[in-house]
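The values are calculated or read from the model by the stated rules, or taken from the named source; none is laboratory data. Every value quoted in this text rests on a predicted model; they were computed, and no experiment measured them. Using ideal geometry, Cβ is built from the backbone for each residue, glycine included, and neighbour counts are taken over all protein chains shown.
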Amino acid sequence: MSQKKTVRDYIRTIPDFPKPGIMFRDVTTLFADPRGFRICIDQLLDPFADQRFDKVAALESRGFIMGGAIAHQLNVGFVPIRKKGKLPGATISEEYLLEYGEATMEVHDNAFTPGERVLLVDDLLATGGTAGAGVKLCERLGARIVGCAFIIDLPDLGGRKRLEEMGLRVESLCSFEGD
């Protein structure tokens, strides 16, 4: 009898990418498989079955793939949170730290109506810098983050703890030790 595949089974690990010593967790293999992708979206939403959302906000770029599918399934709007300079309209921005420098995320300044309930999604939670910046952008526009959903958590890098310390509910489908 064959065992059911989990989301983790669809994720490919590529050693030494983008630099030596990094184990890159590639979710494109998950997205490419229709069954795997369906399982992923369903399982990301399952912990929030009792919640109501007005919008899904997703972080560039793999988060857009999940975010669009989740927004469609929930029948709510989708808001992209992008790297600086990628959005065409008026934006607000939030800087955050990376392991090797700084980066900036932006969102359109009219992306949310105050009080809207938002699910923030991305493929991977590492240090929590990008997700934290996304949360701050949403909240600056008056949105309320009801939860954060990730496919992968890298617990050794502390992102979950960082977001939970911000008072956020964090859900992930699988974790990998190390980085």
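Assorted remarks:
- Residue ranges of strands (runs of 3 or more DSSP E) in segment 88-179 with at least 3 members touching a Phe, Trp or Tyr at 6+ places or on another chain (Cβ under 9 Å): 101-108, 117-125, 144-153, 170-175
- Residue ID - nearest to Arg162 (Cα to Cα), chosen from residues in segment 64-119 that are of a type in the set (S, T, N, Q) and touching a residue at least 12 places away in the same chain (Cβ under 8 Å): Thr104
- In segment 54-65 there is at least one residue that is closer than 16 Å to Arg144 by Cβ, more than 16 Å from the chain's Cα centre (by Cα) and not in a strand (DSSP E or B).
- Within segment 8-53, the set of residues being among the hydrophobic types (A, V, I, L, M, F, W, C), assigned to a helix (DSSP H, G or I) and surrounded by 13 or more Cβ atoms within 10 Å (Cβ to Cβ) comprises Leu30, Phe31, Phe37, Ile39, Cys40, Ile41, Leu44, Leu45, Phe48.
- Checking Lys5 against (1) outside any loop (DSSP other than H, G, I, E, B); (2) surrounded by 11 or more Cβ atoms within 10 Å (Cβ to Cβ); (3) more than 16 Å from the chain's Cα centre (by Cα), the condition it does not meet: (1)
- A single member of Glu116, Glu171 is touching a Lys or Arg at 6+ places or on another chain (Cβ under 7 Å), buried (at least 16 other Cβ atoms within 10 Å of the Cβ) and modelled with pLDDT of 95 or more, and it is Glu116.
- Condition check for Leu125: surrounded by fewer than 15 Cβ atoms within 10 Å (Cβ to Cβ), without any contact (Cβ under 8 Å) to a residue 60 or more places away in the chain and in contact with a helix residue (DSSP H, G or I) (Cβ under 8 Å, 6 or more places away or on another chain): no
- Just one residue in the set Glu95, Glu164 is over 27 Å from Thr6 (Cα atoms) and of a type in the set (Asp, Glu); that residue is Glu95.
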